[in-house]
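Chemist: The structure follows.
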Amino acid sequence: MKVCLSCGQVAENTDAFCPRCGKPLPVSAAASPAAVYVYQMPSSPPPSADELPSMERFGTASLLGLLAFLASTASGVVMIVYLRGAILINTANNTVTISSNIIPLLWFSAGVEAVSLAILIGSLYYYRQVFVGLRDRAPTFSTPAALAVLAMVGAALLIVGSFVEVQYTVGLIHCLNQPGATTGSCAGGGAVVASLGLVGVAAIVFFIGLVGVLIGVWRVGVRYRTDLPRIGAVLSIFPYINWIGMLLNYLGAAQIRSRLRGGSGPGSGGAG
């Protein structure tokens, strides 16, 4: 038999041209069929009781994330409710009046956000420990472990950015409440660009890192064949319902630990 060097088609020894692509075939037949090498991805070892410490950390990370997202959600809802009645816009003369009574609430909200982000950094740290503990068994946890560091850096920058943003907002409120002030005269120019730039960069860094962490959470659900972390990973990306995702992660961690302790492992399944 002959093998076409162009497309790999097998042909008869008597054929001069490839029946598939029409290219000339070798003059003599191959002494033996070409060897075919198939690369097989290494499979992950099945889950075992040795992974209990990692699942303990997974539960801790999810509990901290639950507390952080609950605090952030509550703060956001309160701010939305109060801001609706604190801002008066007069389109006739292009003026905006913001009640100065909102200023203490702004600082309080920034403080709550800072605390929630600090708790979330702790959650991200424990998630990273989970991925580091599992990456020797399932190499696909290496990327989430690296991105968890990025998420922690982004969260730290957001803490700084939130206070910078409030400081600018307080100055804006004082300016707008002056007689004859307009939105254009109080815009702040470079100050607002720098403030929004810092918050924007921090948010992008944090979001990229958080997505990586949640991919790692999804892979935990795949490895242990449980749906709770997979659903939790999806819900955790959405504001105001992300705490539900963390709650599911926490319940999933308890379920996995119970299986590992009982010896009824959830199966081998490699991380996807």
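Computed from the coordinates by the stated procedures, all read-outs in this text should not be read as laboratory data. As the structure is a computational prediction, the values presented were derived from the model and not from experiment. Positions of Cβ are backbone-derived with ideal geometry, glycine not excepted, and every protein chain shown enters the neighbour counts.
Chemist: Sort SER258, SER72, SER142 so that the residue with the fewest other Cβ atoms within 10 Å of its own Cβ comes first and the one with the most comes last.
Modeler: Values: SER258 11, SER72 22, SER142 15.
Going from sparsest to densest Cβ surroundings: SER258, SER142, SER72.
Chemist: What distance in nm separates the simple spin-label points at PHE207 and ASN13, each placed 7 Å from Cα in the Cβ direction?
Modeler: It is 6.6 nm.
Chemist: Show me 7-18, 155-166 ranked by packing, highest mean number of other Cβ atoms within 10 Å first. List each step's numbers first, then the result.
Modeler: Working: 7-18: 12.9, 155-166: 19.1.
Per-residue Cβ counts within 10 Å, averaged per peptide and sorted highest first, yield 155-166, 7-18.
Chemist: Listing SER75, SER54 from the residue with the fewest other Cβ atoms within 10 Å to the one with the most, what is the order?
Modeler: Working: SER75 19, SER54 23.
Least to most surrounded, the residues fall as SER75, SER54.
Chemist: What's the extension gain from TYR168 to LEU251 if we count 0.36 nm per residue and subtract their Cα-Cα distance?
Modeler: 25.8 nm
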